[in-house]
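Following: one structure in structure tokens, then a few remarks.
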Amino acid sequence: MKKKMLFIGIDVSKSTFDATIIPKGSLQTVHHKQFKNQKTGFIQLARWIKSLYANLDELTWVFCMEQTGVYSYHLCCFFEGNNLDYCHESALKINRSLGIIKREKSDKADSRDIAKYLYQHIEELSFYKLPSQSLQKLKALISFRRRLIKQKAALQVSSTEISAFSDRETSRFIKTESNRLIKSYELKIKKTEAEILKLMDVDQTLSKAYQLTKSVVGVGPIIAAYIIARTNCYSNFSNPRNFASYSGSAPFERSSGTSIKKVVRINKMADKELKSLLTNGAYAAIRYDGQIKQYYLRKIKEGKNEFSVINAIRNKLIHRVFATVKRGTPYVKMDF
């Protein structure tokens, strides 16, 4: 007998989470309750669902929550430990699916909207699985590196600008102290990068994917680590075109009838940090890969915009990386 589905939307915050249940075929029948975001709250959630429905053998529970970083981690562990299916979706994607009619903003309303989104889009969604412990460590180290770089950049900008708006003695003091902190951040960034590379050698699966990714000319150790983290070791993206779209390297057409015909360009909704790294990789490929260099010079000579050419090279790198990983053997550089 086909089981009836319960669509359960979860809105997670630091201390609590709200749950809303919508049974299949009964969009107007809604149940809501708030729980503590800890183990006791997870157990109470399961007991609450069981108390609402007597025919548990005929029901399938499906959960959905927004991507809230570390706040939802323990709840995900609970779901996986009890073999419960759940989806992890972008908050922006959920909000845009609601249209322009949303007026209320609260944890209860958000959990109801997530449950409604799950109810309407269940056929299009895929269930989520937590990445391995090694991948989780890699993502944490990458996030820490990002914060260090931001702090360093903020100090560099402020210490440079202060000289135009303060007296010489004060600006000299601020610049000296800022430079000390900047050097400290640079050491911490290098140490963090060393930990990332060390992690690549410890895990056998990550190590193989890392060596294959890094074999592509233009893809350095940090870029390779970022690609592995973003793709969950190539399990989140089925093809290079999808990843190019995610990283802001795939161009899209914008036209309608005869009145709207805009230049084909990339979408701003992308991982800008990864895009920046791939841009660095593109310039490195121009320098060290003869084939890429010839392509770049030819396109520039034809009058192509430099940024358009760099974007095409980013795409080439992404396709080479995915092809190399799929083949399972290191990339072979072709000299021209």
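The values are calculated or read from the model by the stated rules, or taken from the named source; none is laboratory data. None of the values given here were measured: they were computed from a predicted structure. Please note: Cβ atoms are built from the backbone with ideal geometry, for glycine as well, and neighbour counts cover all protein chains shown. Note: areas computed on protein heavy atoms with side chains; ligands, DNA, RNA excluded. Shrake-Rupley method; radii C 1.70, N 1.55, O 1.52, S 1.80 Å.
Name the residues in the range 194-215 that are of a type in the set (S, T, N, Q) and touching a Lys or Arg at 6+ places or on another chain (Cβ under 8 Å), would you?
none
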Exercise for the section: For residue 127, indicate whether it is of a type outside the set (Lys, Arg), surrounded by fewer than 16 Cβ atoms within 10 Å (Cβ to Cβ) and touching a strand residue (DSSP E or B) at 6+ places or on another chain (Cβ under 8 Å). Expected result: yes
Fill in the blank from the handout: (1) surrounded by fewer than 13 Cβ atoms within 10 Å (Cβ to Cβ); (2) within 26 Å of the chain's Cα centre (by Cα); (3) assigned to a helix (DSSP H, G or I) all hold for residue 72 apart from (1)
Practice task
Within the range 185-203, identify whether any single residue is out of contact with any helix residue (DSSP H, G or I) (no Cβ under 8 Å at 6 or more places or on another chain), of a type in the set (S, T, N, Q) and part of a helix (DSSP H, G or I), and answer yes or no.
Solution key: no
Exercise for the section: Name the single residue, out of those in the range 175-203 being charged (D, E, K, R) and open to solvent by less than 50 Å² (accessible area, probe 1.4 Å), that is nearest to the chain's Cα centre (by Cα). Expected result: 193
Practice task
Return the only residue of 265, 327, 254 being over 22 Å from residue 142 (Cβ atoms) and modelled with pLDDT of 90 or more.
Solution key: 327
Exercise for the section: Could you list, in sequence order, all residues of the range 136-171 that are closer than 30 Å to residue 72 by Cα and part of a loop (DSSP other than H, G, I, E, B)? Expected result: none
Handout entry: Residue among 117, 86 that is open to solvent by less than 40 Å² (accessible area, probe 1.4 Å), aromatic (Phe, Trp, Tyr) and under 23 Å from residue 229 (Cβ atoms)
Key = 86
Exercise for the section: Give the residues of the range 146-169 that are open to solvent by less than 60 Å² (accessible area, probe 1.4 Å) and of a type in the set (S, T, N, Q), sorted by residue number. Expected result: 158, 159, 166
Exercise for the section: Sort through 18, 11 and tell me the only one that's closer than 16 Å to residue 112 by Cα, surrounded by 16 or more Cβ atoms within 10 Å (Cβ to Cβ), touching a Lys or Arg at 6+ places or on another chain (Cβ under 7 Å) and at pLDDT 85 or above. Expected result: 18
Problem - Residue match in the range 26-47 (condition: part of a strand (DSSP E or B), open to solvent by less than 30 Å² (accessible area, probe 1.4 Å) and not polar (S, T, N, Q)) - result: yes
Exercise for the section: For residue 79, work out the one condition from (1) farther than 18 Å from residue 115 by Cβ; (2) at pLDDT 85 or above it doesn't fulfil. Expected result: (1)
Handout entry: Subset of the range 48-59 (residues that are open to solvent by less than 40 Å² (accessible area, probe 1.4 Å) and either at pLDDT below 90 or of a type in the set (Phe, Trp, Tyr) (or both))
Key = 48, 53, 59
